[in-house]
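The values are calculated or read from the model by the stated rules, or taken from the named source; none is laboratory data. Since the model is a prediction, treat every value here as computed from it, not as a measurement. Quick reminder, even Gly has a Cβ in these numbers, built from the backbone with ideal geometry, and neighbours come from all protein chains shown.
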Amino acid sequence: MKKVLILNGTISEIPIIKIAQNMGMHVVTTGNMPNLPGHKVADEYIPADYSNCEEVLKLVRDNQIEGIISCANDFGVITSSYVAQKMGWPGHDTYEHSLIMHHKDKLMNYFKEHSIPSPWFEIFDNSDKAKQFCEKCKYPIIVKANDLTGGKGILRANTLEEAKLAVDNAFSMSRDKHVLIEPFLTGTQQSIVVFLIDQKIVQTSSSDIFCMRNPYLVQAETYPATDFDKVKGKLHDIIHYMAKDMKLVDGIFSFQYIVENDTPYIIDMMRRCFGNETLLLADEMTGFPWEEAYVRASLGMDCKCLKSAPVTTKYCGHYGVMAEQNGILEGYEIPQSILNRLFKHTVNMQPGDQIDNYMTEKIAHIYFRYDDFEQMKEEIVKYNDMITVRMRK
């Protein structure tokens, strides 16, 4: 039985934990939050900070681990690449390339050097210089912490005073104390997820992104993306170019981008599984076993043997139930019109649980199907009003 390490143990990692177990592997999880539900599903839990490359490398060597799989977090990708490179394991990009793809400053520099469409940007490691730059900016702008995900450390600024607050916020949250300042683009935010084999795209899925409660956090997605055919070829060309240029290994490749005048401006990318179990939706739309492919690729196993099942779903998506304030959760009610569309409902929090940051914490995730694309898009933006969350302070 192969002994593999999966970083972290949130709900997002549970599908890949179960897939690895079904493939006959002994799954060890790690992270510094022992009560996460994924650790209970795994065969073994060993505490460590999964963002600490040397600490995880020691765990691997001390426990006869034979392979590593990243979690749904950029720090996990970087750690996995570092450990795999030290151990001589296949299935992961080089540590150098993982740093480029999962640090916003390095990624944007790469885009600039290779003429890949993305917003103009400036990078700062000094708060005063960043604020001085903001005095010359045309507003609105976006200020981002360099090395965080999930909407953390990001604020829009419409004025100089707001920009100064945004700079302070980003520097306070960034681990490497670097921030990016970009223009605020107006357009449709979308995502593309592909699977690469031999640096070629073999599967593609796309979605529209909705950031309703928190403008910097994905709360919902609907599949496929609107007018995706207009940008699909351009995105495929960029992905194929990067795959060959960086000699990327088999696996997931994802862009988040904003479409403006039929041009996709790339704002972020990932080489990992995702939060919100969004690979489940890629499964629905393509019939391809994305989770199994992710596990196999991460362990350097052959993915060419994987086949796609027939697809019956026309349109689908996910939505995260979120509160309007901090406090103690009493419960939530989903109307029957939405319940009739669900094919999965994952509960993250129970009545009596404390919500400390309602702008990032998701009480539950629901996964739905539609037969009418326009109806799905029209209704998803009303879910915050249709679903009632009861709180008490």
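Condition check for Phe171 on (1) closer than 30 Å to Asp227 by Cα; (2) outside the structural domain of Lys234 (by TED's automatic domain parsing): one failure, at (1). Residues that are exposed (fewer than 12 other Cβ atoms within 10 Å of the Cβ), in a loop (DSSP other than H, G, I, E, B), touching a Leu at 6+ places or on another chain (Cβ under 8 Å) and not β-branched (Val, Ile, Thr) are absent from segment 358-376 altogether.
Among the residues of segment 280-333, those identified as of a type in the set (Val, Ile, Thr) and in contact with a strand residue (DSSP E or B) (Cβ under 7 Å, 6 or more places away or on another chain) are Thr286, Val295, Thr313, Val321, Ile328. In summary, helices (runs of 4 or more DSSP H) completely within segment 1-67 and bearing 3 or more residues that are in contact (Cβ under 8 Å) with a residue 12 or more places away in the chain and hydrophobic (A, V, I, L, M, F, W, C) occur at 14-22, 53-62. Inside segment 362-393, residues that are of a type outside the set (Val, Ile, Thr), modelled with pLDDT of 95 or more and farther than 16 Å from Thr278 by Cα make up a count of 17. Sort out which residues of segment 175-202 are over 19 Å from the mean Cα position of the chain (by Cα) and part of a loop (DSSP other than H, G, I, E, B), and write them in order of number. Hits for segment 175-202 are Asp176, Lys177, His178, Phe184, Leu185, Thr186, Gly187, Asp198, Gln199. Scanning segment 300-354 for residues that are out of contact with any helix residue (DSSP H, G or I) (no Cβ under 9 Å at 6 or more places or on another chain) and aliphatic (A, V, I, L, M) gives Ala323, Ile328, Leu329, Leu339, Leu342, Val347, Met349. Check segment 223-230 and report whether any residue there is more than 18 Å from the chain's Cα centre (by Cα), in contact (Cβ under 8 Å) with a residue 60 or more places away in the chain, in the same structural domain as Val249 (by TED's automatic domain parsing) and assigned to a loop (DSSP other than H, G, I, E, B). Yes, because at least one residue in segment 223-230 is more than 18 Å from the chain's Cα centre (by Cα), in contact (Cβ under 8 Å) with a residue 60 or more places away in the chain, in the same structural domain as Val249 (by TED's automatic domain parsing) and assigned to a loop (DSSP other than H, G, I, E, B).
Of all residues in segment 332-357, those being under 21 Å from Ala220 (Cβ atoms) and part of a strand (DSSP E or B) number 9. Considering segment 102-174, the qualifying strands (runs of 3 or more DSSP E), each wholly inside and each with 3 or more residues that are closer than 14 Å to Ile267 by Cα, run over 141-145.
Residues in segment 233-260 that are part of a helix (DSSP H, G or I) and within 20 Å of the chain's Cα centre (by Cα): Leu235, His236, Ile238, Ile239, Met242, Ala243. Among residues belonging to segment 298-314 that are closer than 12 Å to Phe288 by Cβ and in contact (Cβ under 8 Å) with a residue 60 or more places away in the chain, point out the one that is surrounded by the fewest Cβ atoms within 10 Å (Cβ to Cβ). So the residue we want is Ser308.
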